[in-house]
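The values are calculated or read from the model by the stated rules, or taken from the named source; none is laboratory data. All figures in this text were calculated on a predicted structure; none of them were measured in a lab. Positions of Cβ are backbone-derived with ideal geometry, glycine not excepted, and every protein chain shown enters the neighbour counts. Quick note on the areas: whole protein, heavy atoms, side chains included, nothing else; ligands and nucleic acids left out. Shrake-Rupley method; radii C 1.70, N 1.55, O 1.52, S 1.80 Å.
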Amino acid sequence: MTVEKNLAKYALFVSFFPQLVAGPIERSKDLLPQLHQKHYFNFNRIKDGLLLMLWGYFEKVVIADRVAILVNTVYGDWKNYVGFQIVIATFFFAVQIYCDFAGYSHIAKGAAQVLDFKLVDNFAEPYLATSIHDFWRRWHISLSTWLKDYVYITLGGNRCSKIKKYRNIMITFLISGLWHGANWHFVVWGGLHGIYNAIGDILKPVRIKLLKLFHVCPESTSFKIGKILMTFAFVNLAWIFFRADSCQVAISIIKQMFKEFNVWIFFDRTSLYNMGLDEIEFKIAAVSVILLYISNIVSYVKPKITIRSMIENQNLAFKYMVYIIVIFSILIFGIYGPEYKASNFIYFQF
Amino acid sequence: MKIVIQVSKVIIFIFLFSVIWFYIDSVLKPKFFDGIEPLTEFYRFPRQSIDVAFFGSSHMEFSINPVIIWQEKGIPSYVLSGSIQPLWNSYYYIKECLKYQSPKVIVLEGFTSAVDVELDWSRIVKNNIGLKMSKDKIESIMVSAPKINWLELIIGLPVYHMRYKELTKRDFVDPYIRGEKAYNNGFYTFDKIVPQLRPDVAGITSLRDIPEKQFKYLNKIIDLAKSKNIELLFVITPYVLSSIEQERFNCLHKLAKENNIKFINYNLLYEKVGLDFSSDFLDSQHLNINGSRKISKHLASILFTEYRLEDKRQNPDYAKWNSMV
């Protein structure tokens, strides 16, 4: 990477508005050269950028801000919620923080694309990760690669003894936790991910032996689904520490979760709608989350194909119908306006 | 050629988007009877057809029945009021009215000149959202709402998009298309009777300043009426008022005198109009159908005699008004 001697270009790199507030964290080698390139008007590129921004807005105002109402209700009054109510709130928080942050990243990436700049992908279907190690290759990619390059590798990475390697993993994840906030519950959240990673690495030989012993094909879809669900459960457990106001509260919330096996809340037609979202709002949230998962699964199965490009290949009438449905879904079902003072993007604070 | 196709695609999309936007906006827009719906009905009213326009708070909406005024003296009129309609909104409602009608007399109900208007959000919405998009609507919003809400109110949809949870058939099926009328030229009332204690403010002669913002817009209304050669009439409808309010009405009376404007305070004319506090009110602030009939008859007579308005009951252009009653 050559030194940038043009102050104006350097200032533009530092203050590049689409990603200034909440990332992605762009490396100079990726963004600075683009400031020297010529940029042209391209109808399809601009349209694709606008569609990416539209999806980002959908993630933020329709999904994240809606599920946040339930999350805030339950986590704000956790003593009155037990069992699956805590499970649902924690699942919704996982959705909230993903849609909030990925939504912002998509808006930033789309805005940059409109201007003919390319920003790095910050998320790659993180909740379809098959291990915690895999999760961190898919979650907040620009931060995790930065931490890997500037903390983990600087400490010696994995080119050292096993003990030092695990020490390096723990330090990296504890710093990741601290980066999110100077509070112990963030540190514990980072520490949990460090422990997950270390244990995952320690138990790897055992897992391989067990798979051979029970003749389990690690490439089978059912095994992969199992791994995805297990990983998601561990990620959610850590999210409780991230979301709770303190470590003590997080532990109490986990206790509340195991206090009662209240599976009936899924069937009694009222309990689900007494957690901050009424029946209509809860159903909108559920449908939106299903849409989110469908989009993620499509991208997971066919990484080179985006839903946007699939829509683009359809006829004009179908494309316009999809665009209009998405725009009006945001305008009608979005959580914004004076009735709901739109909550800020969570990652603005970090 | 490629550019022509791309531009055409954008134009088609914008057109489709606009059509759907206007439909969805009309469905989701609140159908409040105070402030919004009378205005919607007003916009569809035959142009240049009324001689008297009434403005003010819900006091006006519940007190003045244009049907009675037509029946009594053949004067075509319309009530454009809103819930606690502040005088700045009255001012912009008058301006809006004058784009479509040329009334000979504007009757302004003065309740909000006596109260310190701290409007809640729903009333800011009711008194602005019904106006058609124009420079006046934007100005009305800017003087009514906190700056942070200006854009939301101008666009509209951000304010009422959450109504998707309360939509009914009425939101989708326009009653006017079916030829039905929801309101009688802006008049709305109940036949409920709730007896009230009769206030006695006749002895209160002291003056109390009208709040600054209200005073400013009273003067703007006076100037507007003068510039358009329209007669103004200030009216205070009967209600259970306080002595402070009466002191401010005295101040309003003084302002009216200074500008040669007729002023009628019905709280000093209970006997003259035959108002009965045991049967003519639906609550402490509003008249019911009985009370409104008495006030409307009295005011029709004043309008006819003192403003020399024409009786249009025999005018073939107003044949529909006879069927209205």
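For the interface of chains A and B, what total accessible area is buried with a 1.4 Å probe, rounded to the nearest 100 Å²?
Using a 1.4 Å probe on protein heavy atoms, the buried area is about 2100 Å².
For every helix of n ≥ 4 consecutive DSSP H residues, a contribution of -39,500 (n - 2.57) applies; sum these over chain A, divide by its total residues, and give [θ] at 222 nm rounded to the nearest 500 deg cm²/dmol.
Computed ellipticity for chain A at 222 nm equals -20500 deg cm²/dmol.
When Cβ neighbours within 10 Å are restricted to other protein chains, what is their mean count per residue of peptide A:328-335?
Going residue by residue through A:328-335 and averaging, the value is 4.
Once the whole set of protein chains is in place, how much accessible area is left on B:Ser227, using a 1.4 Å probe, in Å² to the nearest 10?
Looks like 80 Å² after rounding.
Report, largest value first, the span of the C-alpha coordinates of segment B:80-150 along each principal axis, in whole Å.
Per principal axis, max minus min of the Cα coordinates gives 37, 29, 15 Å.
Could you please state, rounded to a whole Å, how far the C-alpha centre of segment B:277-325 is from the C-alpha centre of segment B:205-258?
22
For chain A, max minus min Cα coordinate along each principal axis, in Å, sorted largest first?
61, 56, 44
With runs of 4+ DSSP H residues as the only contributors, calculate the mean residue ellipticity of chain B at 222 nm using -39,500 (n - 2.57) per run, divided by the residue total and rounded to the nearest 500.
-14000 deg cm²/dmol
Straight distance only, please: which aspartates and glutamates reach the Cα of B:Lys73 with their own Cα at less than 19 Å, same-chain residues fewer than 8 apart left out?
B:Asp51, B:Glu231, B:Glu306, B:Glu310, B:Asp311, B:Asp317
If you count the DSSP beta bridges with both ends in the protein assembly as shown, what percent of them are antiparallel, to the nearest 5?
DSSP beta bridges in the protein assembly as shown are roughly 10 percent antiparallel.
Kindly provide the trypsin sites (Lys or Arg not before Pro) of segment A:32-97 that DSSP labels as loop, not H, G, I, E or B, and whose Cβ sees at most 14 other Cβ atoms within 10 Å.
Sites meeting the loop and neighbour criteria: A:Lys38.
Of all DSSP beta bridges located in chain B, what percent are antiparallel, nearest 5?
Close to 10 percent.
Work out, in µm²/s and without decimals, the Stokes-Einstein translational diffusion coefficient of the protein assembly as shown at 4 °C, 1.567 mPa s, Rh from Kirkwood over C-alpha pairs. Kindly include the intermediate steps, with their values, before the conclusion.
Working: Rh = 30.2 Å.
Rounded to a whole number, D works out at 43 µm²/s.
Would you mind working out the accessible area per residue for segment B:30-324, using a 1.4 Å probe, and quoting it in Å²?
About 42 Å² of surface per residue is accessible.
Defining a contact as two alpha carbons under 8 Å apart and six or more residues distant in sequence, what relative contact order in percent does chain A show?
Once divided by the residue count of chain A, the mean separation gives 25 percent.
Considering chain B, what Rg and Dmax in Å follow from its alpha-carbon atoms?
Using the Cα atoms of chain B, the pair Rg, Dmax is 21.1, 83 Å.
Give me a single rounded figure for A:41-48: the average over its residues of other chain Cβ atoms within 10 Å of their Cβ.
Taking all residues of A:41-48 together, the mean is 1.
Could you name the aspartates and glutamates whose alpha carbon sits less than 13 Å from that of B:Lys294, not counting residues in the same chain fewer than 8 places away?
Excluding near neighbours in sequence, the set is B:Glu72, B:Glu271, B:Asp276, B:Asp280.
Working with all protein chains in place, sort A:Glu26, A:Glu260 by solvent-accessible area computed with a 1.4 Å probe, largest first.
A:Glu260, A:Glu26
Give the relative contact order (percent, whole number) for segment B:56-130; include only Cα pairs under 8 Å separated by 6+ residues.
40
Heavy-atom accessible area of A:Ile153 with all protein chains present, probe 1.4 Å, nearest 10 Å²?
100
Please compute the average number of Cβ atoms from other chains found within 10 Å of each residue's Cβ in peptide A:272-284.
Per-residue shielding by partner chains comes out at 1.
Can you return the aspartates and glutamates within cross-link range of B:Lys216? Criterion is Cα-Cα under 12 Å, with same-chain partners fewer than 8 residues away left out.
Cα-Cα hits under 12 Å: none found.
Compute the angle between helix B:289-306 and the longest alpha-carbon principal axis of chain B, please, reported from 0 to 90 degrees and rounded to the nearest 10.
Its long axis makes an angle of about 80 degrees.
With just the Cα atoms of segment A:238-295, tell me how far they stretch along each of the three principal axes, in Å, largest first.
Rounded to whole Å, the extents work out to 34, 30, 18 Å.
With θ set to phi - 60°, apply the Karplus curve 6.51 cos²θ - 1.76 cosθ + 1.60 along segment B:117-124 and write out the HN-Hα couplings as whole Hz, x wherever there is a Gly or Pro.
6, 10, 6, 7, 4, 4, 6, 4
Please tell me the relative contact order of segment B:30-324 in percent, rounded to the nearest whole number, where contacts are Cα pairs under 8 Å and at least six residues apart.
27
Accessible area of A:Phe318, 1.4 Å probe, to the nearest 10 Å²?
Accessible surface of A:Phe318 is approximately 90 Å².
How would B:Glu37, B:Glu245 line up by accessible area, probe 1.4 Å, largest first?
Ranked list, largest accessible area first: B:Glu245, B:Glu37.
If the limit is 20 Å between Cα atoms, which of B:Lys220/B:Lys272; B:Lys95/B:Lys213; A:Lys204/A:Lys302; A:Lys79/A:Lys259 go over it?
B:Lys220/B:Lys272; A:Lys204/A:Lys302
Let me check something: with ligands and nucleic acids excluded, how do B:Val194, A:Val235 order by accessible area (1.4 Å probe), largest to smallest?
Sorted by accessible area, descending: B:Val194, A:Val235.
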